[in-house]
Amino acid sequence: VPDVTAEVSDAEQRNFASSEGVLPYWASQDIPGIVTSYTDEISWHPIAEERVYRGKHEVAEFFESLFGAIPDMDFVLTTKISRGNFISEEFRLRGTQHGAYFGIPPTGRPIELYGMSMARWRGGKLHADEFLFDSSVLISQLGVFPAIAPPDSPLGRRILRGLSRIMGGRGPER
């Protein structure tokens, strides 16, 4: 049972129920089922991609690419807040990259991403969604570039000293 901090309007109840109703379609990767919960004018904006998908057809293509790249994807909502025509969600996405995604060829590597979404609902259907996750975590997990060493390690200190010198400073001591 969700925590309620104020009276919930009929529209908020309808939007919340619709947002819950789409989750089984996500779990089964049923793209036609997913997009039936969207308005025809859906605006889908994965901020990390610097692109906006408009309309059900483009959004369905996004999902085909996503589910093709991560066929074992597990998508879990960890927090959901509904207010007015907006629903904010915190999510976790896990899976293994078996197809090209984010311009990266298949790696067979596991990923685990956490992100946030701010969705606008209209008449019980998703009308616009802007969501983000740390794309540097994704490309690091896929092995495109290694994780940055912590500044407290010898390698981290050398990197920071070098960057500092390039920028005109002395850098960390030790």
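Points worth noting:
The rows are residues; the columns are (1) closer than 23 Å to Tyr53 by Cα; (2) surrounded by fewer than 16 Cβ atoms within 10 Å (Cβ to Cβ).
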position	(1), (2)
Gly84	no, yes
Leu93	yes, no
Ala100	yes, yes
Ile104	yes, no
Pro110	no, yes
Ala119	yes, no
Gly123	yes, yes
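- Residue in segment 54-71 that is exposed (fewer than 14 other Cβ atoms within 10 Å of the Cβ), under 20 Å from Tyr114 (Cβ atoms) and either of a type in the set (Phe, Trp, Tyr) or under 15 Å from the mean Cα position of the chain (by Cα) (or both) present: no
- Residue in segment 15-26 that is more than 21 Å from Ile111 (Cβ to Cβ) and of a type in the set (Val, Ile, Thr) present: yes
- Residues that are at pLDDT 70 or above, surrounded by fewer than 12 Cβ atoms within 10 Å (Cβ to Cβ) and part of a loop (DSSP other than H, G, I, E, B), drawn from segment 134-174: Phe145, Ser153
- Residues being on the phi < 0 side of the Ramachandran plot and within 14 Å of the chain's Cα centre (by Cα) - total across segment 11-52: 9
- Filter result for the condition that a residue is touching a residue at least 40 places away in the same chain (Cβ under 8 Å), out of contact with any Pro (no Cβ under 8 Å at 6 or more places or on another chain), more than 28 Å from Leu142 (Cβ to Cβ) and of a type in the set (Val, Ile, Thr), over Ile87, Ile47, Ile81, Ile70: Ile87
- Sole exception among (1) open to solvent by 50 Å² or more (accessible area, probe 1.4 Å); (2) out of contact with any Pro (no Cβ under 8 Å at 6 or more places or on another chain) for Asn15, by number: (1)
The values are calculated or read from the model by the stated rules, or taken from the named source; none is laboratory data. As the structure is a prediction and not an experimental result, all values here were calculated from the model. A quick note on method: Cβ atoms are made from the backbone with ideal geometry, for glycine too, and the neighbour counts reach across all protein chains shown. Accessible surface areas use protein heavy atoms only, side chains included; no ligands, DNA or RNA. Shrake-Rupley method; radii C 1.70, N 1.55, O 1.52, S 1.80 Å.
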